[in-house]
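Working notes for the structure below.
The values are calculated or read from the model by the stated rules, or taken from the named source; none is laboratory data. Being a predicted model, the structure only gives us computed values, none of them experimental. Using ideal geometry, Cβ is built from the backbone for each residue, glycine included, and neighbour counts are taken over all protein chains shown. Surface areas here come from the heavy atoms of the whole protein model, side chains and all, with no ligands, DNA or RNA. Shrake-Rupley method; radii C 1.70, N 1.55, O 1.52, S 1.80 Å.
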Amino acid sequence: MTTAAVGRNTAQARVADLSWDEIEQNLWESGFALTGPLLAREECEMLRGLYSDASRFRSRIEMARYRFGKGEYQYFAYPLPERVAELREALYGRLAGQANAWMEALGLAGKFPSEHAVFLRHCAKHGQARPTSLLLRYRAGDYNCLHQDVYGDVVFPFQVIFCLSRAGEEFSGGELLLVEQRPRAQSIGHAITLQQGEGVVITTRYRPVKGSRGHYRANLRHGVSKVVSGERFTLGIIFHDGK
Ligand SMILES: [Fe+2]
């Protein structure tokens with residue numbers, strides 16, 4: 001999508017303006033898809049500015065303590081910041097159909113409802129009611145090990161990551177890494193650099209890959225390469241709630 005998307009006021013309108021055919025095609029082909037800019041510079045600065053306001057968050061994780069990497073992140077508390085809540089709802093609405101197509105391709109039971117509020121009630125019934133959207137802060141030397149953001153039985157197949165800092169100006173290094181493990185084959189790696197305000201839809205856990213006898217399951221993990229200099233903030237929007 002173009003910067004025109006950022007000019008639209010509501011998250012709903014911006015999300016609707018994205019090139020969804022292209023996004024869906026990229027998701028089928030490689031398990032991730034860039035959205036183009038969805039947040040204006042001021043919005044990125046406002047969101048990352050929240051990092052120092054502890055009242056907005058339910059918990060803070062120092063990655064080194066858990067051997068998740070180095071650096072830290074914080075899970076937002078409910079209510080989420082308005083812009084995050086709107087994006088979460090609007091993006092879910094566009095991705096639910098694709099999520100169902102993936103479930104079908106993988107021969108998995110269950111159907112994701114078209115409305116995010118209905119999906120959140122489903123999460124709550126499975127004991128998953130805590131917000132999972134997060135802000136991550138990486139400084140020089142920080143990194144994030146390859147992982148998956150799974151917090152219980154209920155898992156939405158996609159999540160969206162936004163870069164809130166300017167690559168090359170405010171930080172260097174710190175690429176988003178995606179590694180796809182295929183059965184009986186070596187893994188494929190992708191290094192992704194996002195513009196400030198741009199999002200990328202990634203596979204949360206696994207994706208369908210077309211084989212000679214239908215689709216098989218390829219597992220994806222993501223992480224962040226070491227930040228060489230500066231400070232890098234990202235926003236992670238995860239659609240399922242956690243325990
Ligand atoms: Fe993650």
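Summary of computed values
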quantity	calculated
Charge context of TYR66, other residues only, Cβ under 13 angstrom, K/R +1, D/E -1	+2
Per-q log10 I(q)/I(0), segment 65-112, q = 0.28 Å⁻¹ (Debye; single scatterer per alpha-carbon; no solvent)	-0.93
Carbon + sulfur, % of accessible area of segment 121-165 - ligands and nucleic acids excluded, 1.4 Å	49
Angstrom value of the Kirkwood radius, inverse mean 1/r, which spans all Cα pairs in segment 122-243	15.5
Computed lengthening from ALA117 to MET46, 0.36 nm per intervening residue step minus Cα-Cα distance	23.0 nm
Whole-Å semi-axes of segment 149-214's equivalent ellipsoid (Cα gyration tensor)	27, 16, 10
Cα-Cα P(r), segment 9-61, percent of pairs per 5 Å interval	4, 16, 17, 15, 15, 17, 12, 5, 0
Gaussian network model of the chain, springs between alpha carbon atoms under 10 Å - residue of PHE76, PHE162, PHE68 with greatest fluctuation	PHE68
Cα pair count fraction exceeding 21 Å, expressed as % - the chain	56
Cβ-based net charge around ARG205, under 15 Å, with every Lys or Arg adding one and every Asp or Glu removing one	+1
Accessible area (Å², per residue) of the chain, counting only protein heavy atoms and a probe of 1.4 Å	47
Largest to smallest accessible area among SER225, SER212, SER165 [probe 1.4 Å]	SER212, SER225, SER165
For the chain, built as a Gaussian network whose Cα springs stay under 10 Å, the top-fluctuating residue of ALA109, ALA129, ALA13	ALA109
Principal semi-axes in Å for segment 185-243 [√(5λ), Cα gyration tensor, largest first]	27, 17, 11
Accessible surface of segment 46-111 [probe 1.4 Å, protein heavy atoms]: carbon and sulfur percent	50
Along each principal axis, Cα extent of segment 30-119, largest first, Å	43, 33, 27
Helix-only mean residue ellipticity at 222 nm for the chain, each DSSP H run of n ≥ 4 adding -39500 (n - 2.57), per residue, nearest 500	-8000 deg cm²/dmol
Lysines whose Cα lies under 27 Å from that of LYS210, excluding same-chain neighbours fewer than 8 positions away	LYS111
Cα convex hull of segment 80-158, projected area averaged across orientations, nm²	6.6
